[in-house]
Structure formats: C-alpha cells, structure tokens
1. Take A:Arg235, project a point 7 Å from its Cα along the Cβ direction, then tell me which residues of the stretch A:361-376 have their backbone nitrogen under 20 Å from it.
2. Rounded to a whole number, what % of the accessible area of the stretch B:129-168 do carbon and sulfur atoms account for, probe 1.4 Å?
3. Along Cα→Cβ, 7 Å out, is where each label goes; now give me the distance between the ones at B:Lys60 and A:Val548 in nm to one decimal.
4. State which entries of B:Lys38/C:Lys42; B:Lys236/B:Lys275; A:Lys277/A:Lys326; B:Lys216/B:Lys249 exceed 19 angstrom in Cα-Cα distance in the structure shown.
5. What nm distance separates the two modelled labels at C:Ile154 and B:His226, each placed 7 Å from Cα along Cα→Cβ?
6. Output the antiparallel fraction of DSSP beta bridges having both residues in chain A, as a percent to the nearest 5.
7. What FRET efficiency comes out for C:Leu214 versus A:Asp82 if R0 is 51 angstrom and r is the Cβ-Cβ distance? Round to the nearest 0.05.
8. Select from the stretch C:1-89 those trypsin sites (Lys or Arg not before Pro) which occupy a DSSP coil region and have at most 12 other Cβ atoms within 10 Å, ordered by residue number.
Amino acid sequence: MKIDRRSFLGLGLGAAAGIAVSPVGVKLTDDSSIWTQNWPWTPVPEDGEISYENSVCSLCPGSCGISVRKIKNRPVKIEGLDEYPVNDGGICLHGIAGLQYLYDPARVKSPMRKNGDRFEPISWDEAISLVSGKLADVRDSGAPHTLGLISGGAGGSVTALFKRFLDAFGSPNVYAMPSLEDNLSLTAATLHGAGNTIGFDLENADLVLSFGAGLIEGWGSPMACFKANSARRDRHAKLYQIEPRLSNTAANADRWIPIKPGTEADLALGLCAVLLKKNLFTPGEFFGGFNRFAAVVQKEYAPEKVEAVTGVKAADIEKLAVAFAKAKMPVAVPGKGRGDHGQNLKEFAAVQTLNALAGRLNKEGGAFVMNPDSYLAFPEASMDDAAEAGAGQEKSVGSVNELVDTLNASAKPVLNALFVYNANPCYTLRDTKRVKEAFKKVPFVVSFSSFMDETAMASDVILPASTFLERLEDVPTGGGLAKTVVGLTRPMVNPIFDTKNPGDALILLAQAMGGTIAESCAWDTYDECLEEVAGDIWDALSEDGYAVVSEGAPMGTPGTDFSFLASNPASVQAGGNGDLLLVPIDNIRLAGTAPASTPFAVKTVSDRVLSGTDIVVEINPETAKGLKDCGYAVLITSQGKARVKVNFNEGIMPGVIGMVKGLGHTFDNPYVAGKGVNVNDLIGPVIEPGSGMDAAFGIKATLSKA
Amino acid sequence: MIQNTKAHKFGMVIDLDKCTGCGSCMVSCMAENNVPFKEDESRKKDSITWMRVYKLTNGKSFPDTEVVYMPRPCQHCSGLGDHGHSPCVSVCPATATDYGYDTGIVSQIYTRCFGCRYCMGACPYHARYFNWWDPTWPEGMESYLSPNVSPRMRGVVEKCSFCYHRYQLAREKAYVEEREIEENEYQTACTTACPADAIIFGDLNNPAHQVHQIVKPDPHPDPRNHKVVGKSRNPKVFRLLERLGTNTKVYYMSEREWVRKAGDSYLDGEWDEVKNHHGSSSSHG
Amino acid sequence: MDSALIPEGAKRCPFPKFMLGMAIVGAVLLWGVYAMFLCWFKGLNQTNMDDYYGFALWIWADLAVIAVGGGAFFTGLLKYIFKIDELKNIINFAVIIGFICYSSALLILAIDIGQPLRGWFIFWHANVHSMLTEVAFCLSCYFAVLTIEFIPNILENRQLNKVSFFHHLAHNMHGVMAVFAATGAFLSFFHQGSLGGVAGVMFGRPFAFREHILIWPWTFFLFTWSAAAFGPCFTLLVTKITEAITGKKLVSDKTVNLLAKISGWMITTYMIAKIIDTVYWAQVTAPSMGFTLDHFYSNNAFYGYWILFAEIIVGGVVPGLLLIFKKTRENPIALLTAITLGVIGVCLNRWVMVLQIMAVPVMPFDTWALYIPSWQEVATTILPVAYGIMLIAVSYRYLPVFPQELELNKPAQATE
Ligand SMILES: Nc1nc2c(c(=O)[nH]1)N[C@H]1C(S)=C(S)[C@@H](COP(=O)(O)OP(=O)(O)OC[C@H]3O[C@@H](n4cnc5c(=O)[nH]c(N)nc54)[C@H](O)[C@@H]3O)O[C@H]1N2
Ligand SMILES: Nc1nc2c(c(=O)[nH]1)N[C@H]1C(S)=C(S)[C@@H](COP(=O)(O)OP(=O)(O)OC[C@H]3O[C@@H](n4cnc5c(=O)[nH]c(N)nc54)[C@H](O)[C@@H]3O)O[C@H]1N2
Ligand code: SF4
Ligand code: SF4
Ligand code: SF4
Ligand code: SF4
Ligand code: SF4
Ligand SMILES: [Mo]
C-alpha cells in the first residue's frame, strides 16, 4: 500500500519533471506561435515584378486619367495619373476602389434570360439569337420605331453605336438619362443657338458664383473641379456658394449664401435686374426681346420681391450683384449638386444670362459657348425602307421621364422592345415605382449592365458588360468643363467573367439581324470600329492615351437670345404636401448613380449618414420638434414613407430635410445594398413644361417621431 | 536620437482649408495597405480606418455654422522630449511597435504583436485598430491584394505606417543608384491620392522639403512646456493635442482661428495667451 | 476514501452534500469554460470590446483579483519577515486565496490577448520600458512563489503526510519559507506597482497620467500600497464567508482583529496619499494639459462625481476609520461592513483606473465611449470565482488550512 503510493507518486513526479526539462514544450510553444503567423485562411498575396499601366476611369463622366499598378500583370491598385489634363494625379474614392468592381458580388457573370421571376444563365450564342429573333419580330410587325434605348450620360462611340443601331433598325426613340451635359446643351441651344454647349473656366475665374453646383461633390468632371477649387486658394480667387445646405462645397467656399430650395432662378434674375438697373452690364449681341426682358426682370425680380421668395436679403442681393460686376474675371455656375436631376431650364438660362450680361461669354475665366463638333466619324449608315420610314418618325416624347409617363399612360405598348445601356433608371429616376411599372409595360427589355442592379433585375435578357477595367472605349469628359478631353479606357485585365464590351455585343446582334443593320455595323470587333470612327484622334488616343479636342476660350462673342426669359416662364414648385421640404443631398463618398458604390466607399460613410441599415436624415434642430438627435422618425411624402434616424445639423436651413442619395439599393451585395432607403422612392418628378426636365428639386414632407 | 542630422524625420502637414472631406485619402490607404472590410462598417469603433477623416463644426447655429474636415492618420509621435518614446511604443511589452530613429516612423510588427491592446489605450488619437475579426474578402477579391503589405491576421493591432513599404522601395532604388532619396520619390498613398492637394509629406529635417518650409519646426523645446519639441513657427500651423507632449509629426494648417483652437484643450482664457505664441524663437506677438 | 483524506479529528459535511455543492458551482465553471473556448476559437469579436475599449471588464477583473490577492504577500511579509507569529493562524488561507487570485489573473490574461499562442513573446521580445513587461515577469515569478508556499500545506494532507519524504519536505519547506515570503513580498511590490504604472505612464491619457518619481508614476506606489491595505480585508472577508458557510469558527478573533487593525492603518495612510494624489492631479497635472476636473465627470450617461466619492470616501476613508478604532473594529457588524466596503473600494479604484480611462474623450472633438460587456465576458469573469470557491472547498475539506479549527470548535464537537 504505502510502497505503491510512494512509487506511484515518485513515478508521476519523475515523469512530470522529465517532460518539463525536455525540449518538447519549448518546441511546441514555438511551433504554435509560428502557426499563428501563417494561418492558412489569411491570404498571402503573390509577389512579383511591379509595372504601371495608364488608362481612363469611366465610372462617372469625369473621365480621369488613372495609373494601374500591377504585380505580374495582376492589378493591385488604381491611382490618379499625374499630368493628365483632367485630374492631374487627383482621384476620387470611387476610382481608387475601382478594382473592387471586378469582383463585385452583384456582377452578372454571363448572359442571363429571365424565366418566370428568376434569371438563368445562357450562352452568348443563345442570348444573341434570342434577342435578334425578338427584334426581328418587332421589325417585321412594321413598327421598328417601337424599339427604344435608354442610355446613361456619357458620350463616346459605344453610345453612338447604339444610336446607329437604332437608326439602321428604324427607330428615333433614343433617350438619355438626365445629365449635366444635356442640361447645358439645352441651355446653350435656348440662349445661343442649337449645337452649342457651355463650359466654365473655373481654373481662371477670380470669382465663382455657384448656384448650388457641387463643385466638390461630383459636379461635372469631379476631379477637374476639385483641382480648380483647390488651386483657387493659391490664386486668391473666391467661391460664393448659394445653397440651402452647408454642403462640403459651401463649407469649403469663401462665402455660403443660404437660399430657399428651388429659388435659384429667382436670385439669378434678381441679380440680372440689379445689373440692368445700375447699368453695370456689358452690352453685347442681345436679341429676342432684350428690352422686354430688361423690363420684366426689373419689375418682377426687384430685390425686395426676390428677398421674399429666396430668403436672401435685398441689400445682400444688391451687394452681390455689384461684387459680381466689379470682379475682374467672375463666372456664374448653374446646376445644383451634380447638375443633372432636379434641375430646370429657367434656372440654367437665368444663371447663364448673368454671365452674358456681365460680358463673360468666351472670356478667360468666364463661360465658354462651345460647339463641340463630334470627334467621331461614322461612315454613312445603310438604310432600308423600314429604316427610312423610322428616320422620318417623330420621337414618341422628349425626355426619359416623359417616356416613363407615356409608357404608363397608354393601354397598348408604346415600345415593344427596350435597350438599357449604362443606366439604372429603376434606381436613379424619381418615383422608382413608376419606372418599374413602365418597364413592365415593355414586352422585351434588354439590359447591358455589368451588375445585377435594379434595372437589370427589371429586364428580360441581360447581355453583361465588361467593366471599364476589362474593355477598350473612348470616354469624353462630361459637361461643364472649359475644355473637352477624350480619354482612352484600356483593358487592364481580360474579362474576369463571360462578359463582353457592349459594342461587341451590339455588333454581334447586328450581324445576327443581317441586312442593312449588319451592313451598318460591318466590323468584326468593337475595337476595330473604334479605331475607324476615332479617325483623326486615334493616333493621339492610342499613343498618349488621350486627346484634347477643345481648349481655351472660343473665338468671338456669341449672341444671346432673350425670348425664353422675356416670356417670364413660371418657376417650378415642389410637389406633395407637408410642412417640411425633403431635398436629396449628395455625398461624394456615395455613388449616386452607377455603378453603385464599392464596399470601400460605403465604409467611409459617416455614422451620421448611415447607421447599421438605417439611413440618417439631416434636419435643423429648430424644425425638429419632438424629435431626438440620433433618434428614430417616420418620414412621409406623397410618394411614400420611410423609417429614418435623425441627425441634428445646424448647417441645413430650417424647414428642410436632407437625405443622402446612393443608399437603399436592393440588389445582392451585402456590403453595399440593403442599407437605408433610396431617396428617389420618396420624390416624384415634376416635369418642366417645354424643357421636359424633371425639375423636382425636392418634395414636401412630414417628419414625426417613430 | 533624431538630433543626428543624417536621420530623416518624415512628417506631414495637412491644409484643412483645402481638405474637402472627400475621403480619397481613406480609400487610397485601404487599397494601398490591404485593409479589410465587413458588411457593417457603420460601427466606427470597430472599423479599421488607418486614415480617418473627422468632421468638426464651430458649434454655431444656422447660418453661422462652419464645418472643417480633419484627416487623421497615425501621428507618428516622437514622444516626450522628442526621444522616440511614443505613447504606444513605450508601452508595448513585446516591442511589436517600434520607433525608427532613422525615419521617425512608428512601425507595427503584426507577426510579433500578441494583441494585448495596451498601445491602443495609450494612443489618444485612436489611430490604432484591433483585428477583432478574421479578415475575409468576397470570392475572388483577394486577387487585388498587394504583396507589399502583408494582410493581418485576427487578434493583432494595425495602424498607419506612413506607407513604409513605399519608403523601402524608394530607398532601395536610391541605394542602388548611390544617392539620397528625392522628396517626390517617397510620398504616401493618401498624399498622392488627395485631389485637393491638401496633404504635403516629406522630411521635416530637410530644409529643402516643402513640409519643412511650411512647418518651420522649432528645434528647441517650447519654453512654456518643455515636453513639447518641434513646435511650428508658422502661426497658421498647429498639432493635435500638442500640449500632451506626444510631439506628433503630423501638422495641421488653417487660416481659421476656431479650427486651430479645436486641436487642443484649453482652460478658460488660456487660448488668448497662447494663440500668438509660436515656439521659442518666435517673433510673433 | 473520502473520510481517509479528511484531516484528523476535523468534522466535514457528508460527501454527497459536498459533491452536490461542487456540482452546482461546477456548472457555473463550465459555463465560463465554454465562453473561454468561444473567445479562443472564434476570437475576441465574442466580446463587446472595441477600438476605444481595448481594455475592458477582463483587465479590471485582472487588476481587482491581484489587488485583493495582495493579502497573501502582505500577510506573509508580516508573519515571516516582521515575525508577527499570531498570523500563522491565517497565513495558510491567505496563501490559498493568493494562489487562486494569481492563477485566475494569469488565466484571464490568456483569454484577453488576441494571440494567446504568442503570449510568451512578452518574455521573449521583452520591452524593458513597458510596465506590462514588468507585470508579466513579476506576476509569473510570484505565482511560482505562491505555489511553493502552497505546497507544504498540501503535503500536510493526512495521507500524503504519511509518506515520510513528503513529511520531511513539508517540514523543511516551512523552515525556509521566510526566504520565499521575502521574495514574494519583493516581487509583489513590483508587480502591484507596475500594474499601477500601466495607467500612470499613459501620458496621452490625461485621466490616467500621474507625475513620476524616478521612472515610476505615483500610481505605482498607490497600487502597491492599496493592495497591501485592502488585501487583508479580502482575506478576512473570505474567512468570514467560509465560517458562515461551514458554520464553524476557523480563525480566532485575536488573529482577525490584529490583521484588521493592521489593514485599518494601512488603508488610512493609503487614503491620505490617495487624496493628496487626486488633489494634485486635479489641480496641477490635468490642468497643465488643458483639462478641468469637470471634463472627466460630466457630459456622459454613467461617470459622475459619484464614482469618485464612492471610491475615496465610502470605499476608503470609511472602512479605514472603522478599522483603526478598537471599538468599531471589535464590533462584528462594523468589522464586516468595513472589510466589505474596503474590498468594494479597491475594486472600484481598479475599475476607474481601467474603464474610465478608456471612456474619457481626449481629442476635443471626440466623444465619451461607454460599453456593456457581452455575456462571454461576464461568464469568463465569473469563471475564476467558481474555480476559487471549488479550490477553497477542496482545500478546506482535505487540508489542515486552519490550525485553530479543532480547538475553536471543541465545545461544538463535545455537544455532538
Ligand atoms: N462620387 C460620385 N461622383 C459622381 C457620380 C457618382 O455617381 N458618384 N456621378 C457623376 C455623374 S453621372 C454626375 S451627372 C454628377 C452628378 O452630381 P450631382 O449633380 O452633384 O448630384 P446631385 O444628386 O444631382 O446633387 C444634388 C445636390 O444638390 C443639392 N440640392 C438639392 N436640392 C437643391 C436646391 O433646391 N437648391 C440647391 N442650391 N441645392 C439643392 C443637394 O444638397 C445636393 O448637394 O456627379 C458625377 N460624379
Ligand atoms: N439616388 C440618386 N439618383 C441619381 C443620382 C444620385 O446622385 N443619386 N444622380 C443622377 C445622375 S448624376 C445621373 S447621370 C443619373 C445616372 O443614372 P444612370 O444614367 O442610370 O447611371 P447609373 O445609375 O450609374 O446606371 C449605369 C448602369 O450601367 C451599368 N454599367 C456600369 N458600367 C457599365 C459599363 O461599362 N457598360 C455598360 N453597358 N453598363 C455599365 C450599371 O450597372 C448601371 O446599371 O442618376 C441620377 N439619379
Ligand atoms: S471622378 Fe469620376 S472619373 Fe474621376 S475617378 Fe472618380 S469616378 Fe472616376
Ligand atoms: S483626400 Fe484630401 S481632400 Fe479628400 S479628405 Fe483626404 S485630405 Fe481631404
Ligand atoms: S498616434 Fe497613436 S499610434 Fe500613432 S504614434 Fe502616436 S500614439 Fe502611437
Ligand atoms: S497590442 Fe500588440 S502592439 Fe499593442 S502593445 Fe500589445 S503587443 Fe504591442
Ligand atoms: S500614410 Fe499611408 S498608411 Fe498612413 S494613412 Fe496615409 S496612406 Fe494610410
Ligand atoms: Mo449624371
């Protein structure tokens, strides 16, 4: 007994001591720590030679030059391209995060056909024959004009190729999403004659009077504006920002002039009135009833009247007008925020008229009235009878928003087939319910989207587009810039999935349709097509990666036609009902348009904008009766209702609710979608008579405790 | 120590009047340094952002409100008396974060860090982030990760490195060509991305560098507070929490007095005494 | 078998009853163990800690158990070095409590660090400037000392003692115990201090930072002092609880009062130092960084002046006074109140020196950060308590922990 215990215990102790002194413990400890430093589930990026390739970003109309860093031909980082004429090295967070789009969880990985309410993958051959078959039916039914196209802002040969396809097909029904560039062209056409557009020489102006233009929230060519704005401080130039909210642009400006939403036109005309009254204007080639205009504005837009409408003090209006007239190189800039949606012609025209009266047309640092004859030279399209007939046809309606309403209004299909290219109207147009309804009215919708976004989901067939990193394309800068630069987007990688350049998809379709349509698109590949149609600038594009199409102040001073404003068109009013006014606010960190934001971009968004899956709206504490900062509330407009969180912001005008754009996506990407609400669900369009623009700068609303 | 003139002392000055709050610096940093992301990044206290842009307001009510954005990378503190004992470095028990006397850069060694998080408690700028989660990427996205910065594993701390790998690349090149590295050869990813040119990066010890010319760092301790070294002699330039003696190498610049005041805490009346004092050899009032 | 292990003549509850108790506490222990494994295998995302709260509940528990475990080194110091022989009646128990506290502390650290398998880097790549390095070294060494101090008591188990080798070993170890006690006291002085230093050296955190003497901030000395002062309170408190549960008197009032008296004077002197420190910090140190006292105790939902008052007056001055006056000290209720308040007080101090530091905003545009622990944190924090109860129960049942037990309970046994 005793012996046993003793020997047993002795043995135990011996063993313990033995293991303790042996190297086993030390070895195991060391190995385990080394293991934690090489966990198999922690990726180890492959190393290799570093190289850089230049391209151009086409995520927005900015068309910035980018430099893509590669390791063994594997892209690892996108950076701004130094000395590029648009952005000189600067780059926005969407462009930097561009590589995330390649592997976006919502990417369409191959052609898709809708079967019931689900999509099933099909081969390109199947897809092409399916679509061409449907299109043939439409054409043979004798109504080729019932094929429509909705395309996103940007110009370039792919969009042109789409238009050409519709021409040859026999349809005039081409519609562009609202864009700053189109708004400026319409303004130029109204004031200075068709075929023109307007650019603002922000780089040289010494006083920029911005009517809400989001010069650092993505207006026009975003990075070009950033550069000009930042250089302004070194040039001792001034920026006055007129906006209902202390946007980043307003915060960065030398002066913020709060104004009641939607009354920018009244202020602009008020300033015109002062210039005329004080005889501070520079006479020019003014026609179309200049005197009538002078009389009307001095009567209807006298400072006191304007103060009542805009909330800007009459005295300040006078001072502002004088400051503008006295400045050496002033320029007035229209286009709230990004200048495309919620805009109206009256406002654009009024602001541009201010430039005309101040004698700032085609002057350094002023507003350039440019005639950008397209650099694209397509050969004559071959047309058959049907095409000729279609060419004769009138376009069904003026604007994409009117198209949507018409589709919903009429019993029998206005369109039998619809192409959607580079656009997400089911997300970005106001009153998305209305848009989705309209899409249901079209028997056959073909999307060319890279991502399974809201519009792609509403279509019958998807011919997935390769992203800007996977394809060749010419990308001209969007509106607002004083110069036009065409950049060449080059493929940085082979398509990751079974996608095509939309140009190639279109050529395949044309070939399949045969006849004159095939003849009109008689290229083997889109790349060939581009090389041909880019004609004169192709060499520059392929060698330097870009071509500057126009630069510097155009010759001579254009005339200005006052007939539109002399008729004193009515200002657009916000629709709906409620004691507050909901306006969309724009946040450079969120892609308001397409493609939707990346995970990185969403990560940077403040918790005062997005909190978990709740959207946070801004309101001045003065108007937030009964509400708690960071508390829940219910936001109601005539369009709908949303549960939101509230952020007390002294930087927003009392009575105004600000809701960020770019949230509330409903597709399948847990990092980006399913967060907050889409402000476009809550705002309905208000079409401006004549221009057809959706002029809804906001909508009346109520906000109450949840 | 840093006093040895051959040593670099890399630092930054950020022009807050130029900063637009656009966030390019944040994303450029994430993309450059393989920073991971989660489905919900709106809980900012569990969201890895080596560069974080804070929004400050002057606290006035409409329409006198003003807003400024303040980008905050790691401040690369030189520590009390500028001796390299940064708040974080001095407390790390495992020497997993260290002060580079040749560069002034505060390093972070992920494979040595054992995750005690003492350094995080010690850093008043919240520049340090802990990997609470295993970093993961959606299918395929690993393919864009850069080999120049090793992805971190769960359970360790990470932070801004002043893009040290960029310094290494520049240094190697210069070494091979037997010369000093040029100012433009070593620039951080946030600096180069900034579309407003708000960030200026360089060697605070090198009078030829822009950052030195703007900051004009005072080599002598601040007579009013001997913990403070390298105070800027430019009246528009200030540092975050300078009075703590962390001696940061990230400087900020603004024309606006309320912004400069927002960089530190002051007792009633103190600001008016110190606002015109700019270092020992300062001429200003 | 069970009865064969129970100390000679000692009366213990029936084995089934004992096992039932163990089972109940064991269940709680298992809950904690489960949480512990969650933290190890899934990572610290199981907690509610974040980048503002890198130090949270665990580190508080760690500092707290080490503080109250201070009774071991201090009692040891008094008995073996200052030869206050009366304390032999409680030294075994003090050592066991210390052993529990320190083993718990080490376990908590092993759960708290993000890379447990690299924990040893703290020794391998030691940074001599870091207070935590000092803590790690002293803590582990002192734990070894406590183990050595515990062994003879274990060897005195009725069966083990029959082995003459163990018998002699135990006897001789008692002989040299003074050496270990001295070592233990020395080590404790440093790790208790360096735990205080952990907070005091954070010059980026005006709420934590304190002026230095040589390389040590004030908190260094305050922590050692408070551990020595309040540690005995905890030893006494646990003794009282054990007595209540076992229904026996285990330590003579003479011993208890003596330790209580010493503790009382330590607490009182500590509070004087602590109050001076607080005033100097509030009037000089913090203001020199631009901070008023108000900044630390306002504009948030939890931390107000109440916590300062609770720590210093209720948990410090009051128990101190109650214990130095014979009259209150020898009144059972007052004594119990005093040692309880004392224990709460020192724990509150450790809480403030860990969690409030993390909560206070430092950058002028930053905000207060509050935090609520996750159940995993709570469970892993309760784990050591359960483990402690079980170890005490086993030791009490099978080891001659309380030398006075038999004589103090003679009458009780006679009546049976
Ligand atoms: N980051 C990013 N940049 C982009 C894009 C993107 O998707 N993401 N897209 C690019 C494209 S396609 C374009 S066209 C542009 C568009 O860029 P923006 O035109 O800036 O976008 P919007 O949403 O139209 O801008 C809305 C702004 O107008 C302001 N606003 C709303 N109502 C009123 C009002 O009544 N009065 C005044 N004064 N202001 C008002 C809001 O505060 C908000 O700041 O951005 C380009 N840049
Ligand atoms: N909520 C909100 N609404 C807005 C705005 C906003 O800021 N917020 N901004 C307004 C503005 S600025 C505009 S211009 C409009 C823009 O609205 P849209 O012109 O509709 O632009 P996106 O919404 O970006 O739609 C682009 C579509 O093309 C797809 N796509 C992306 N890359 C490619 C490609 O390379 N090829 C092809 N074929 N498809 C591609 C995308 O998946 C997306 O479906 O939205 C307006 N509406
Ligand atoms: S501004 Fe537009 S074009 Fe330029 S990088 Fe950003 S997304 Fe791309
Ligand atoms: S990138 Fe430049 S402008 Fe944009 S937030 Fe960063 S520092 Fe400011
Ligand atoms: S900012 Fe924080 S992390 Fe960076 S060096 Fe200073 S203390 Fe360390
Ligand atoms: S967390 Fe890592 S880096 Fe920070 S102190 Fe601990 S070991 Fe050092
Ligand atoms: S310096 Fe480099 S690591 Fe630091 S914030 Fe800028 S980009 Fe990120
Ligand atoms: Mo647009």
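1. Within reach of a label on A:Arg235: A:361-370.
2. It is 49 percent, rounded to a whole number.
3. Between B:Lys60 and A:Val548, the label points sit 4.1 nm apart.
4. Exceeds cut-off: none, every pair is within range.
5. According to this spin-label approximation, the distance is 5.3 nm.
6. Taking every DSSP beta bridge with both residues in chain A, the antiparallel ones total about 55 percent.
7. Working from the Cβ atoms, E equals 0.40.
8. Those satisfying the criteria are C:Lys83.
The values are calculated or read from the model by the stated rules, or taken from the named source; none is laboratory data. Here the structure is a predicted model, which is why all the values come from computation and not from measurement. Glycine also receives a Cβ, built like all others from the backbone with ideal geometry; neighbour counts cover every protein chain displayed. Ligands, DNA and RNA are stripped out before the accessible areas are found, and what is left, the full protein with its side chains, is counted by its heavy atoms. Shrake-Rupley method; radii C 1.70, N 1.55, O 1.52, S 1.80 Å.
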